[in-house]
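Written out below as structure tokens is the structure these notes cover.
The values are calculated or read from the model by the stated rules, or taken from the named source; none is laboratory data. In this text the structure is predicted, and so the values were computed from the model without any measurement. A quick note on method: Cβ atoms are made from the backbone with ideal geometry, for glycine too, and the neighbour counts reach across all protein chains shown.
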2 protein chains.
Amino acid sequence: MRSIAIGLLGAGNVGLGVLRILAQNADAIEARLGARVEVAGVLVRDPAKPRPVPVSADLLTTDPMRILGDPSVRVVVELIGGIEPARTLVLDAVRRGKHVVTANKALLATCGREIFEAASKAGVSVYFEGSVAGGVPILRTLREGLASDRIEGLCGIVNGTCNFVLDAMTRHGLDYAAAVAEAQGQGYAEADPSLDVGGADAAQKLALLCLVSFGARVDPATIPTEGITRIRAFDIATADRLGYVIKLLALAHTDGDRLYARVHPAMVPKESVFAGVHGPFNAVLVHSVALGRSLYYGLGAGMMPTGMAVVSDVVEVCRNVLAFADAGPPPEAFATVRDVAPAPADDLETENYLCVHVPNVPGVLGRVASCLGRHGVSIKRMNQDTPGPGEPIDMVILTERVSNARLRAALSEVDAGNDVLRPTDRIRIVDPDAVGAAP
Amino acid sequence: MRSIAIGLLGAGNVGLGVLRILAQNADAIEARLGARVEVAGVLVRDPAKPRPVPVSADLLTTDPMRILGDPSVRVVVELIGGIEPARTLVLDAVRRGKHVVTANKALLATCGREIFEAASKAGVSVYFEGSVAGGVPILRTLREGLASDRIEGLCGIVNGTCNFVLDAMTRHGLDYAAAVAEAQGQGYAEADPSLDVGGADAAQKLALLCLVSFGARVDPATIPTEGITRIRAFDIATADRLGYVIKLLALAHTDGDRLYARVHPAMVPKESVFAGVHGPFNAVLVHSVALGRSLYYGLGAGMMPTGMAVVSDVVEVCRNVLAFADAGPPPEAFATVRDVAPAPADDLETENYLCVHVPNVPGVLGRVASCLGRHGVSIKRMNQDTPGPGEPIDMVILTERVSNARLRAALSEVDAGNDVLRPTDRIRIVDPDAVGAAP
């Protein structure tokens, strides 16, 4: 029986999950591959540290060269996380002709170009299923199941922290701060949750989805990104009354040569499949020419889900090693990658929920409505509850479809009025089923 | 550049979709495979028939031996449908050492054992992604993405006709007959829809899902199956009021050595992701040890979705041909298949919706409630609208969790009463998120 040697860099939570899955499923993997996967070494900081999953002591090493310098090792699995030393080790592995599997989204978002170019030059693959939506096999599906299709657009719930927070606000009536505290208490949010709730994590994942879906290398920093920190219990309750739930969406679609990408909260219809994505779950809806809409849903993170994603990448890379062993470089899914700056979202149109904060005085509604009208923003529906005397008003307005640019101009004039207490809240209304679909 | 020859048996709707996808995506497929896929022949009944997708005349043949007898053809794609001549041709192809791709669910459900055994003996693969849930890459995901996981249970909406009908009843308030007519008008139901609405089609697909998920060969005829023909607009409206939607579910889970499988309509909570599966869409929710819950959703049928599924199978089989060319037989995913009779569902417990049809006379409620009580069926909730004088009553009862056997005994006694107008309707209440999950 043939065998393929792999090396692990890092044996934290996900690394131990990978070792456990490889051990428990050795026979199934061998049956699929026609070869055994042998772990040749595991790089750790402290070999003596107790580990919940037993690892043979003679595999543990503190010397990366024991793995990178071993010519029998064909695949290096990077699970250190963060930028350095992960970047240096991955580049070194690639230059030595080793394939790489990683779940390190931050590394790929920051140094993806350098790493993919080095891999392309060396004729090796870099797989990263675990870096987007944890155990949801979305990259594999985009790469394989949809390889013979053309993807037009995608819409995802890709940040489990934000989804947990919004879901807790929706289902338990919590306000934002309480929901974040709840997420932290349950281990679904960091002590400093800003990367998640600010949307940056979702933008990094969206950039990787754009790479695989459209062959477009997008700098996550150029993706218009809005987090969930301004969402209030009032917005959630109003959405509910109007037949919507609020979700943080990562959206991308192509229009001719242009790629639109953006991350923002949105009201999605309750009858949408997205409304059923609760707690820390992730989901990605893909629109493609032949297949139409398809959706992939599962846990976005965790030792075993992410470990599974990493192992399925390892098996896939090993199959390529066997298939293409002496027939030249492996097929490179990103052979035609190009750098793309997302198109300005100014001309994108949506319906919108607006919440204008004004004092309870006569004439305010008229001024706001006239101002919107002057800018060509049509009002579909308006509602304001009767406040107590002297109490401020949360004036809810639903607009017809209007471009970002037009609405921004209108709101800038609305908010410039003396009678507006604080900037108007705006949440786009999005039907995920329609995103990026051919008209 | 290497190339692999394939032959098509049949050029109907799906066959033309396959040819179109192969032609339009030849370069992408070549990049993935490291080899070109060449169509060596297409078996048709009438080569002169006009076809909406142009097919080179010298590929068309009415002689199956031109494909089966060609030693260069490594993969045969069967898209004739039905049992014969598909069965004979597939068996012949397999015995000649050719791999087979088919979307023929009826063939596999009826002759699967014979075909898989012949394939195993000949050392070739039979792939059938297109036979379950059309374009949803569920079999691929079960086989690959979850190859290193253990599947505990699954729950699917796998019949697009039934889902369309129930969805039309739910969203447009149609009664059953009008919804079926609507489905027929839109091409989502056959003139004789009985295979679909009776549940047999879903049972065939469930049998294939059990094969791939559990290595269990189940005769679809042994799967307890109940269709949607008895669902009334009243049930749909009551479900809505109670916070549920009615879906036809195909369910399977393991408990030790036992495999439970069944097809029946169920009330699922509105907040479930299944509630968002509308119209002709399909979805399969999988529970596995490492990954937890994951769900795959897309169009269940159609020229291009099913064509995509077939092409992705072709690419997969070709990769195996290349990988294992001279290294013995390909890995056989069903090497450990065993014959399994589904365990009797008598001891399975669910909550239930009951609708008892009785005349508006005193004492009836008491008799029904006492009868349920005697059998240990606890009532969770009861409701009856006030009918007009002399009008019959639809008495709605929600039960606590109770086994099938116990409820059946109770209902048999209820329905034996002189005061019951017709058999009591019973719809199980199922939370798909909990099916087959570890407790």
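Quick rundown of the values:
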read-out	value
Residue in the stretch B:105-136 that is farthest from A:HIS287 (Cα to Cα), counting only those that are aromatic (Phe, Trp, Tyr) and modelled with pLDDT of 90 or more	B:TYR127
3 or more residues within 14 Å of another protein chain (Cβ to nearest Cβ): qualifying helices (runs of 4 or more DSSP H) within the stretch A:77-184	A:160-172
Selection status of B:VAL55, at pLDDT 95 or above, crowded, with 17+ Cβ neighbours inside 10 Å and closer than 15 Å to B:ASN13 by Cβ	no
Subset of the stretch B:58-76 (residues that are part of a helix (DSSP H, G or I) and either in contact (Cβ under 8 Å) with a residue 24 or more places away in the chain or more than 21 Å from B:GLY307 (Cα to Cα) (or both))	B:ASP58, B:PRO64, B:MET65, B:ARG66, B:ILE67, B:LEU68
Restricting the stretch B:247-282 to residues that are touching a residue at least 40 places away in the same chain (Cβ under 8 Å) and within 8 Å of chain A (Cβ to nearest Cβ), the residue that is nearest to A:LEU142 (Cα to Cα)	B:PHE281
Inter-residue pairs, beta-carbon under 9 Å, first among the polar types (S, T, N, Q) and in the stretch B:407-425, second outside any strand (DSSP E or B), 6+ apart	B:THR424/B:VAL368; B:THR424/B:LEU411; B:THR424/B:VAL414; B:THR424/B:ASP415
Yes/no for B:VAL311 being at the interface with chain A (Cβ under 8 Å from one of its Cβ atoms), more than 18 Å from A:ASP433 (Cα to Cα) and in contact with a Ser or Thr (Cβ under 8 Å, 6 or more places away or on another chain)	yes
Residues that are closer than 18 Å to B:ARG217 by Cβ and out of contact with any Pro (no Cβ under 8 Å at 6 or more places or on another chain), drawn from the stretch B:123-137	B:VAL126, B:TYR127, B:PHE128, B:SER131, B:VAL132
Unique residue being at pLDDT 95 or above and small (Gly, Ala, Ser) when the list is A:ALA369, A:ALA410, A:ALA341	A:ALA410
Total residues in the stretch B:135-157, condition out of contact with any His (no Cβ under 9 Å at 6 or more places or on another chain), among the charged types (D, E, K, R) and touching a residue at least 24 places away in the same chain (Cβ under 8 Å)	4
Test: residue in the stretch B:143-153 that is surrounded by 24 or more Cβ atoms within 10 Å (Cβ to Cβ) and under 23 Å from A:GLY292 (Cα atoms)	yes
Test: A:SER312 is of a type in the set (S, T, N, Q) and touching a strand residue (DSSP E or B) at 6+ places or on another chain (Cβ under 8 Å)	no
Residue within the stretch A:248-259 that is among the β-branched types (Val, Ile, Thr) and surrounded by 24 or more Cβ atoms within 10 Å (Cβ to Cβ) present	no
Residues located in the stretch A:185-221, provided they are crowded, with 24+ Cβ neighbours inside 10 Å and either assigned to a loop (DSSP other than H, G, I, E, B) or among the acidic types (Asp, Glu) (or both)	A:ASP196, A:GLY199, A:ASP201, A:VAL218
Checklist (1) under 19 Å from A:PRO423 (Cα atoms); (2) assigned to a strand (DSSP E or B) applied to A:GLY227, failing item	(2)
Residue check for A:PRO224: under 12 Å from the mean Cα position of the chain (by Cα) and either surrounded by 24 or more Cβ atoms within 10 Å (Cβ to Cβ) or in contact (Cβ under 8 Å) with a residue 40 or more places away in the chain (or both)	no
Per-region count, the stretch A:1-27, residues among the small types (Gly, Ala, Ser), surrounded by 19 or more Cβ atoms within 10 Å (Cβ to Cβ) and within 12 Å of chain B (Cβ to nearest Cβ)	1
Filtered residues of the stretch A:259-303 (kept if of a type in the set (Ser, Thr, Tyr), in contact with a Ser or Thr (Cβ under 8 Å, 6 or more places away or on another chain) and not in a strand (DSSP E or B))	none
Residue within the stretch A:168-177 that is basic (Lys, Arg) and either under 11 Å from the mean Cα position of the chain (by Cα) or over 25 Å from B:GLU316 (Cα atoms) (or both) present	yes
Breaking point among (1) within 14 Å of another protein chain (Cβ to nearest Cβ); (2) surrounded by fewer than 17 Cβ atoms within 10 Å (Cβ to Cβ); (3) not in a helix (DSSP H, G or I), for A:GLU30	(3)
Boolean, B:ARG36 is in contact with a helix residue (DSSP H, G or I) (Cβ under 6 Å, 6 or more places away or on another chain), within 13 Å of chain A (Cβ to nearest Cβ) and surrounded by fewer than 21 Cβ atoms within 10 Å (Cβ to Cβ)	yes
Strands (runs of 3 or more DSSP E) wholly inside the stretch A:338-439 that include at least 2 residues being of a type in the set (A, V, I, L, M, F, W, C) and closer than 28 Å to A:ILE157 by Cα	A:349-358, A:393-403, A:422-429
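Here is a yes/no grid of residues against (1) under 19 Å from A:GLY153 (Cα atoms); (2) modelled with pLDDT of 95 or more:
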site: A:PHE214; (1), (2): yes, no
site: A:ILE231; (1), (2): no, yes
site: A:ILE246; (1), (2): no, yes
site: A:ALA250; (1), (2): yes, yes
site: A:GLY256; (1), (2): yes, no
site: A:HIS264; (1), (2): yes, yes
site: A:SER288; (1), (2): yes, no
